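Notes to accompany the following structure.
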Amino acid sequence: MNMHQGCPSDTIVRFLKARDWNVPKAHKMLMDCLNWRLQNEIDKILSKPILPVDLYRAVRDSQLLGLSGYSKQGLPIFAIGVGQSSFDKASVHCYVQSHIQINEYRDRVILPNATKKHGRHIGTCIKILDMTGLKLSALSQIKLMTIISTVDDLNYPEKTDTYYIVNAPYVFSSCWKVVKPLLQERTRKKVQVLQGCGRDELLKIMDYSSLPHFCRREGSGSGSSRYSVSADSDSCFSLDHPFHQQLYNYIKQQARGHLPAQPPAKQGSFHVSLPDPDPDGVKIAETIESELIKLEDQKTADNASKLSNSINGLKIYSE
């Protein structure tokens, strides 16, 4: 089973950390994870391409995620376009399949290669979350994002060293204030909210070449327009980026290696069972939803007040 990648002790420690060193709970979590992998044939998921390629390109254009480079310590840096991921071009199963494939590719290829290059075990990554363009409409994405985060929490625990949040607009700041106390202390310590695009802070731990494209431009967080992946050739989100090309070619190669040859898969044909949301995750999602609704109501009330003041200020002249 492609789970511990030759580092079983490291895997056990990750599950122990995820359950605050409670051995019975960590054991149950590990067994549940193994069962999930067996039942859903996760070991074969990297031989299951999302077809046709136009569908996969649509997934990449609406689920913004990519590898921008490596930290000075050799940790892979994954960039995530939280604010502008629309998740509206494919089925939930396609997005979950794509996310798991990137997790598996990270664990089977990216991290082992980094370990070999640096001569020491590298088992975690860094994630930079871009909040550019985050709007109240993000409410519609909370359910899917909760599913994906639950998959990570239950089956890929403690794989992220630090979360850096950049380009955070007001709507995020309001949500963060109420969500932060709900997070476990272990998770809270991993999250750093940086000022603006975070370039100066991030350059302390990585070279300029590893900065995600959205951290290279000052003021990139103020824009509210939909980001176009295809418009930025330097975007690590794009299917044309080397990381995604290598990943897609790897999956196609793995698919060819499985005999007998299979006919082209139908769209969304590979389904992974969706987990029941973690109670803590549900509470956080409900809190975000409630906060966004309050912000929407406040925005509506402010607009109504402005309209009322405008109308009251009108002077009607009659001849």
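The values are calculated or read from the model by the stated rules, or taken from the named source; none is laboratory data. Being a predicted model, the structure only gives us computed values, none of them experimental. A quick note on method: Cβ atoms are made from the backbone with ideal geometry, for glycine too, and the neighbour counts reach across all protein chains shown. Accessible surface is based on the protein model in full, side chains and every heavy atom, while ligands, DNA and RNA are left aside. Shrake-Rupley method; radii C 1.70, N 1.55, O 1.52, S 1.80 Å.
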*Report the FRET efficiency, 1/(1 + (r/R0)^6), for L34 and L274, where r is their Cβ-Cβ distance and R0 is 22 Å, rounded to 0.05.*
0.75
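Any of K117/K190; K25/K190; K25/K48 with alpha carbons more than 29 Å apart? Name them for me.
On the way: K117/K190 25 Å; K25/K190 22 Å; K25/K48 32 Å.
Long pairs (Cα-Cα over 29 Å): K25/K48.
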_Placed amide H near L239: partners under 5 Å, 5+ positions off or other chain_ = none
_Surface accessible to a 1.4 Å probe, E286 within the full protein complex, Å²_ = 110 Å²
*Built amide H within the under 5 Å cut-off of L65, gap 5+*: G81
*What order do H121, H244 take when sorted by accessible area (1.4 Å probe), most exposed first?*
H121, H244
*Would you mind computing Rg(Cα) / (2.2 N^0.38 Å) for the range 1-119, counting N as its residues?*
1.20
*Accessible surface of F87 in the full protein assembly, 1.4 angstrom probe, to the nearest 10 Å²?*
40 Å²
*Kindly report, to the nearest 10 Å², the accessible surface of W21 as traced by a 1.4 Å probe over protein heavy atoms only.*
150 Å²
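Longer than 20 Å from Cα to Cα, which of K89/K159; K127/K180; K135/K177; K127/K189; K135/K204 are they? Say none if no pair is.
Working: K89/K159 28 Å; K127/K180 18 Å; K135/K177 17 Å; K127/K189 14 Å; K135/K204 30 Å.
Exceeds cut-off: K89/K159; K135/K204.
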*Quick one: which residues, 5 or more positions from T160 or on another chain, have an amide H under 5 Å from its amide H? H modelled 1.01 Å from N in the peptide plane, none for Pro or chain starts.*
C125
*How would R216, R188 rank on accessible area, largest to smallest, probe 1.4 Å?*
R188, R216
